[in-house]
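J.: One structure coming up, written as structure tokens, with questions to follow.
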Amino acid sequence: MAEARLTLLRGDITKLAVDAIVNAANTTLLGGGGVDGAIHRAAGPELLAECKTLGGCRPGEAKITRGYLLPARFVIHTVGPVWSGGHRSEPETLANCYRNSLRLASENGLRTIAFPAISCGAYRYPIADAARIAVQTTTEFLRDNASIAEVTFVVSTDEIEAAYERLLA
Ligand code: AR6
């Protein structure tokens, strides 16, 4: 049975008034396209200023900043793997993104967190596999964690929405 604290939402993650939204960033943490660009535009220039103090982020790791002009209080920046065939630890790296983001949320006392489909855009991760890793890793984390109340997967395409729907049904 699907974990009751998981929800699926079609829309724009920058609009969500949750404790933290997760950014699918790159290793520089200095902004980019896709959801990263949308988050920086909505949060305003103070987000970039804080990101400049962080010294980047390795794939699979996560770092937290304030949310500035976003309705979300915090942004958890993580760096997904670039898909290059699946033999360069891409599944482990993607699972680490979810695990380390959730750990950071929990350590900071955050109860509601929203994820985009990390690596499913510019980084070209196969959608069905990425969705399975997202749902499995999050479900496993929540099994041992009572402090997080709700995890929302925010999706932006029909294909990604359908992949998550199958897993959460
Ligand atoms: N809300 C929710 N989902 C969104 C939004 C939004 N506002 N905008 C895009 N998506 P991507 P990646 C979806 O490319 O594959 C950046 O340049 C999008 O449709 O944002 O991890 C970074 O700086 C897709 O399904 O992230 C990195 O260089 C998903 O979010 C690189 O892209 C992720 O697509 C990271 O690539």
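None of the figures in this text is laboratory data; all of them are computed from the coordinates on show. Computed from a prediction, not measured in an experiment: that's the story for all the values here. Cβ: placed from backbone, ideal geometry, glycine included. Neighbour counts: every protein chain shown.
J.: With charges only on Cβ, +1 for K and R and -1 for D and E, what is the dipole size of the chain about its Cα centre, in debye, rounded to 20?
T.: In total the dipole reaches around 280 debye.
J.: What does DSSP give for the chain in terms of the percent of beta bridges that are antiparallel, rounded to the nearest 5?
T.: Here the share of antiparallel DSSP bridges comes out near 25 percent.
J.: Taking a ≥ b ≥ c as the square roots of the eigenvalues of the Cα gyration tensor of segment 1-101, is the shape rounded (a/c under 1.5), prolate (a/b larger than b/c) or oblate?
T.: Since a/c reaches 1.5 but b/c is at least a/b, the shape of segment 1-101 is classed as oblate.
J.: Next up: For the residues Lys52, Lys63, what sequence is obtained by ranking on other C-beta atoms within 10 Å, fewest first?
T.: In increasing order of surrounding Cβ atoms, one gets Lys52, Lys63.
J.: Expressed in nm to one decimal, what extension gain is obtained for the pair Ala4 and Glu159 from 0.36 nm per residue of sequence separation less their Cα-Cα distance?
T.: 53.5 nm
J.: Next up: Starting from the 7 Å offset along Cα-to-Cβ, what nm value, one decimal, do you get for the label separation of Ala49 and Leu30?
T.: 1.8
J.: Now for a separate question. How do Leu16, Leu9, Leu69 line up, fewest other C-beta atoms within 10 Å first?
T.: Leu69, Leu9, Leu16
J.: Would you calculate the separation in nanometres between label points at Glu107 and Asp12, each defined as 7 Å from the Cα along the Cα-to-beta-carbon direction?
T.: For the pair Glu107/Asp12, the computed spacing is 3.2 nm.
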